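Below: one structure, written as structure tokens.
The values are calculated or read from the model by the stated rules, or taken from the named source; none is laboratory data. In this text the structure is predicted, and so the values were computed from the model without any measurement. Cβ sites come from the backbone with ideal geometry, for glycine too, and all protein chains shown count toward neighbours. Only protein heavy atoms, including side chains, enter the accessible area calculation; ligands, DNA and RNA are left aside. Shrake-Rupley method; radii C 1.70, N 1.55, O 1.52, S 1.80 Å.
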Amino acid sequence: MRDVLLVAALGLFACACGEGLFDARGRPDVRVIGREGGTVTSRDGRLRVTLPPGALESEETVSLRELGVRSWSVGVAYALEPSMRTLAVPARVEMRAESAPGHRGPAALVRMTRDGLPAPMAGSWSEGTRSFGQLSALEDLGLAQPLCSEPIECADGFRCEDGACKSCPANVSCRANPDLPGPRNTGVPPGTTLVRHEGDVVLDTPGAVLEDRDIHGRLIIRANDVTVRRCVVHAPVPREIDGIINVSGATGVLLEDIEVFAEESSTLQWGVVGGGFTARRLDVHGVVVGMGLRSGARVESSWIHALDPVGAQYGISVFEGRDIGIYDSNVHGPGEDIGAAVFVNQQVGPTRDVRVERNRLDRGSCIVNLGHAGGTSLQGMVVRNNVFGARTVYDCAVLVSTQTQLSAEGNVWEATGVEVPIERHD
């Protein structure tokens, strides 16, 4: 479960080899389906499409047919027929999930347009060895090579060029930094067996321990000294801005080896919100803000990336609080010309004593943005020994307001090792 592409975050590899994931006996690839709904499965057992009740107005003969490997595809593509029939209720698509060649992260589950080109499938996500998506019309399906934005997203022997992982020249050694937080060392460790839980989980007993869960809902923590390990937490769209994980009024909370992502695109969906916790080796993606930190929050060795492009704002934000730390993590902002990887101000309440140390930080109009807005000054800011990527349209690594008290040293550009500038203006 790595690197969910915002609208298609899946680790997939489709081929006609090996044992099928789904039962492929008795020609399940052709089905007569009416208003009551039904399921059609590819003959190789690696693709299943479920039409819910009410999706079709009348009976249709629905089939899945192998189209072979396309120029853009990873493995076999499939024709879902009758083509282009609009569905009143979205269908559910399931495919077997494995890594794509050259990538540590996932390939992208896609629908094929009338031009035969791949387009993202809505509401896509992955769980263990299965990946899912929502389809609003009967269209051909396949897996596209995922995009990359940094070397860590490519396997050893490949490098990221023009947004895709490409084989390295024979005389060039391409190896990702194994210590940088990414798909191999954040989130749920490989081989972990997760127990599925439907709905929100509320932990309000001091000292409670929750492990090895696949939570289809929010995780809400209201008690001290709670521990959560090896979990996947993904939630539907909330009614108002909220965190998929929310820690409120608690201290001593430990969040460890957890993947957090949004099931659907929404400007209301944040990843982890709150204070009084340590978040260690988290993989957070597909949300508009990766983490919203408050007093006593500490982030260690975590990966915040692939923010929702619809309304994405910050990798990590702080709007109030004190004694907050971000250490040894890999944090991305939403893009080169908007938002920031780390954004700190006082728009909700007083903020002070925020430390940002030994991280890899990338993307944003300014990658780190520290402002005193909301108060007369912003005190106790520390930005030290961080490495900055180059994805900032203004070549702005650190922007500091005139009333911010900052201690900064050892911050360098990743590509050159040259010390980054500190820009000051309001």
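Quick check on my filter: what residues within the range 314-369 are within 19 Å of V272 (Cα to Cα) and of a type in the set (D, E)?
Those that are within 19 Å of V272 (Cα to Cα) and of a type in the set (D, E): E320, D323, D328.
Condition first: within 28 Å of the chain's Cα centre (by Cα) and more than 15 Å from M121 (Cβ to Cβ). Now tell me which residues in the range 56-93 satisfy that.
Residues satisfying the conditions are V69, R70, S71, G75, V76, V89.
Among the listed residues L67, L51, which satisfies the condition of being among the aliphatic types (A, V, I, L, M) and buried (at least 18 other Cβ atoms within 10 Å of the Cβ)? Lay out the reasoning, then the answer.
Details: L67 fails: buried (at least 18 other Cβ atoms within 10 Å of the Cβ).
It is L51.
Counting only residues that are on the phi < 0 side of the Ramachandran plot, out of contact with any Cys (no Cβ under 7 Å at 6 or more places or on another chain), open to solvent by 10 Å² or more (accessible area, probe 1.4 Å) and not polar (S, T, N, Q), how many does the range 75-93 have?
Going through the range 75-93 one residue at a time, the tally reaches 8.
One line per residue, one yes/no per condition, for (1) modelled with pLDDT of 95 or more; (2) under 26 Å from G321 (Cβ atoms); (3) in a loop (DSSP other than H, G, I, E, B):
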| position | (1), (2), (3) |
| --- | --- |
| T192 | no, no, yes |
| P206 | yes, yes, yes |
| I220 | yes, yes, no |
| A223 | yes, yes, yes |
| R230 | yes, no, no |
| I245 | yes, yes, no |
| G249 | yes, yes, yes |
| L255 | yes, yes, no |
| T267 | no, yes, yes |
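Quick one: is R31 crowded, with 18+ Cβ neighbours inside 10 Å, modelled with pLDDT under 95 and not in a loop (DSSP other than H, G, I, E, B)?
Judged against the criteria, R31 is not a match.
List every residue pair whose Cβ atoms sit under 8 Å apart, with the two residues 6 or more apart in sequence or on different chains, where the first one lies in the range 181-206 and is at negative phi and touching a residue at least 12 places away in the same chain (Cβ under 8 Å) and the second, anywhere, is surrounded by 16 or more Cβ atoms within 10 Å (Cβ to Cβ) and hydroxyl-bearing (S, T, Y).
Hits for this filter: P181/S301; P181/S302; P181/S329; N185/S301; T186/S301; T186/S302.
Could you check the range 330-364 and list, in sequence order, the residues that are under 22 Å from the mean Cα position of the chain (by Cα) and among the small types (G, A, S)?
Result: G333, G335, G339, A340, A341, G364.
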